[in-house]
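Notes to accompany the following structure.
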């Protein structure tokens, strides 16, 4: 994910809360995913990308970056 998205996610309680609810995970899991920022990680799955796009008011194509 782009650094802009990572930084926005770190400060958006609403986005983190929705990810936790929709993906049925806890806070520590979200923080681990954000810290790892793996190119094929959980936050790059379509469902997570859609949630992030909605909550951060960004187009889906701005969420992911190519390696």
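Every number here is computed from the coordinates shown, using simple stated rules; none is lab data. All figures in this text were calculated on a predicted structure; none of them were measured in a lab. All Cβ positions, even for glycine, are placed from backbone atoms using ideal geometry, and neighbour counts span all protein chains on display.
Can you tell me how segment 25-67 classifies by the Cα gyration tensor, rounded, prolate or oblate, using a/c under 1.5 as the rounded cut? The shape class here is oblate.
Under 16 Å from a label point set 7 Å out along the Cα-to-Cβ vector of residue 37, the amide N atoms of segment 1-24 belong to 1-12.
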